[in-house]
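Each value in this text was obtained by applying a stated rule to the coordinates, not by laboratory testing. Note that the coordinates shown come from a computational prediction; the quantities given were computed from them, not determined experimentally. Using ideal geometry, Cβ is built from the backbone for each residue, glycine included, and neighbour counts are taken over all protein chains shown.
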Amino acid sequence: MSSLDGSIVIVGLPSILRELDTTLVYGVWVIAGYTLVSTILLVALGRVADMFGRVRLYNLGFAVFTIASALCGLSQSGSQLVAFRLVQGIGAALLTVNAVALVADAFPMSELGLGIGVSFMAWNVGAIAGYTIGGLIVGLASWRFLFFINVPIGIFGTVWAHVRLRDVYHVISEKFDHLGTILYSSALTLVLVALTIESGSSSLNFGLLIAGFFALLLFVVVEKRIPHPALDLSLFKIRQFSAGNVASFVNALAYSSLPFIVTLYLQLVRHMDPLTTGLMFAPMEVVVAIVGPLSGRLSDRYAARIISSVGLAFNTVAIFWFSTLEENTSFVAIIAGLACIGLGRGLFASPNASSIMGQVPAGKRGVANGVRTTVSSTASVVSVPVSLTFMSLAMPYSKLSQITQGIVTPTLEETGAFLSALRYAIHISAFLVLLAIVPSLLRGKANNNSNH
């Protein structure tokens, strides 16, 4: 449910902008603000979960997420929707940071790949099924049901988790790192604001970006000097942990903006409605659902670095192909490209996570999963704003905003420029995924004797 809501609004975004009469800046925050809040809280909540119990926080996450979903559906303005999405992100963080850690606690090392593979199947299906489900909902009802759909599911999940789940790992007693949490949250927020307020080339944007990177540097310095840091940097001494996280970051930075770009292409260049646009993503979702558990199981038997790297190779080829999109590109070819993206994602995600988590001591799995998820989520947060920044190099941001909101009907020349801007961003994404193969291959062999 939490991963679904990271993607479900993307196909419906043009409809949301029109009905609420709001700007592209608010639209970007509807997408990225949700991920931002869940991301800045992941490391801190991972530490809290290790200290106070994972099940308790997991159950709380269901309740917060459900209430916030109802409020999102009732929003009357862009600012209200953004605010309630931020609250929804808190619930998502509570769910996300504990889910894989609970699985890692429950499965022996010899079956961890299978356990995480099944968990990731649910996560990946949720994340990419959002495109089709979002299109169906907007096409058949209203964008408000993008959020109302969570309410009955959330109520059931809250009750079920409370009744069925029990902690199997004894909590630890440590102090909470307030300063580190504040510094990291501030750094990521400053970077996101710098990438989303109007023109990405203004002095204000540049100043915010510098301030964000300075706060991040200060965060690293602080974390190295305190006994119980929010982000345990010693985890990065584990080769599989550090290399897997680098590969995940670079891949997510490139991959996460692709559905957004494809949605803009289908709706604004090919003039498809949200329902049809959502259905175009269905083959990608089916492939991920099939391949995810299989790749997790394969990583229990074979080298995770090879399977993950093959997945990245599929993504690279597919994204490079998307950079050749034209106004009359065959829909069959587009669907095949999306299916290839699904194959790449399915092959990469589960083995990569298994490689990362399998080498971490049991007492640090909560914070380790917080770090792992934070790394990929940080890249996802900035992915769409970064792609818009690259697009604005080929077309003015103000014109991009007007076309996306439907304020103006683009001329033939403007449509061509808009398509060029999309291709420009996709080219850079493809190059980044290609780079991610390097750390994936260099992670080395896993140590199967890690303490469970």
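Give me TYR184, TYR424 ranked fewest to most by other Cβ atoms within 10 Å of their Cβ, as a rough exposure proxy.
Lowest to highest Cβ neighbour count: TYR424, TYR184.
Could you line up PHE213, PHE84 from fewest to most neighbouring Cβ atoms inside 10 Å?
If I rank by nearby Cβ atoms, fewest first, I get PHE213, PHE84.
Need the C-alpha centroid separation for segment 302-321 versus segment 232-253, integer Å.
17 Å
What percent do you get for the relative contact order of segment 271-349 when only Cα pairs under 8 Å and 6+ apart count?
About 52 percent, as a whole number.
Under 1.5 on a/c is rounded, so check that first for segment 177-229, then, if it is not, pick prolate when a/b is larger than b/c and oblate when it is not; a ≥ b ≥ c are the square roots of the alpha carbon gyration tensor eigenvalues.
Here segment 177-229 falls in the prolate category.
Considering Cα pairs under 8 angstrom that are at least six residues apart, work out the relative contact order of the chain and quote it in whole percent.
Over the chain, the number comes to 26 percent.
Calculate the all-directions average of the projected area of segment 287-432's alpha-carbon convex hull, and give it in nm².
10.5 nm²
Measure nothing fancy, just the Cα-based angle from helix 304-322's long axis to the longest principal axis of the chain, in degrees from 0 to 90, nearest 10.
Taking Cα atoms only, the helix is inclined about 10 degrees.
Please give the net charge around ILE238, taking every other residue with its beta carbon less than 11 angstrom from that of ILE238, where Lys and Arg add +1 and Asp and Glu add -1.
Overall, the nearby charge balance is +3.
Please give the peptides 290-296, 435-441 ranked by average Cβ packing (other Cβ atoms within 10 Å per residue), highest first, as a rough proxy for protection.
The most tightly packed comes first, giving 290-296, 435-441.
Could you tell me the calculated FRET efficiency between VAL159 and THR276, based on Cβ-Cβ distance and R0 = 56 angstrom, to the nearest 0.05?
Here the calculated transfer efficiency is 0.95.
Against the longest alpha carbon principal axis of the chain, how many degrees, from 0 to 90 and to the nearest 10, is the axis of helix 412-441 turned?
With both axes taken from Cα atoms, the answer is about 20 degrees.
With each label point set 7 Å from Cα along the Cα-Cβ vector, what nm distance links PHE236 and ASP21?
4.8 nm
Roughly what angle does helix 78-106 make with the longest principal axis of the chain, taking Cα atoms, 0 to 90 degrees, to the nearest 10?
On a 0 to 90 degree scale, this one is about 40.
Most exposed first by the Cβ proxy, i.e. fewest other Cβ within 10 Å, how do VAL269, VAL433, VAL151 rank?
Least to most surrounded, the residues fall as VAL151, VAL269, VAL433.
What stretch of the chain, leaving out the sites themselves, is the longest with no trypsin sites (Lys or Arg not before Pro) in a DSSP loop having at most 15 other Cβ atoms within 10 Å?
Here the longest run is 226-444.
Taking only the alpha-carbon atoms of the chain, what semi-axes of the equivalent ellipsoid follow from 5 times the gyration tensor eigenvalues under a square root, in whole Å, largest first?
Those come to 33, 24, 22 Å.
Test of the criteria: in segment 86-149, which chymotrypsin sites (Phe, Trp or Tyr not before Pro) are in a DSSP loop and have at most 15 other Cβ atoms within 10 angstrom of their Cβ?
Hits after loop and neighbour filter: nothing returned.
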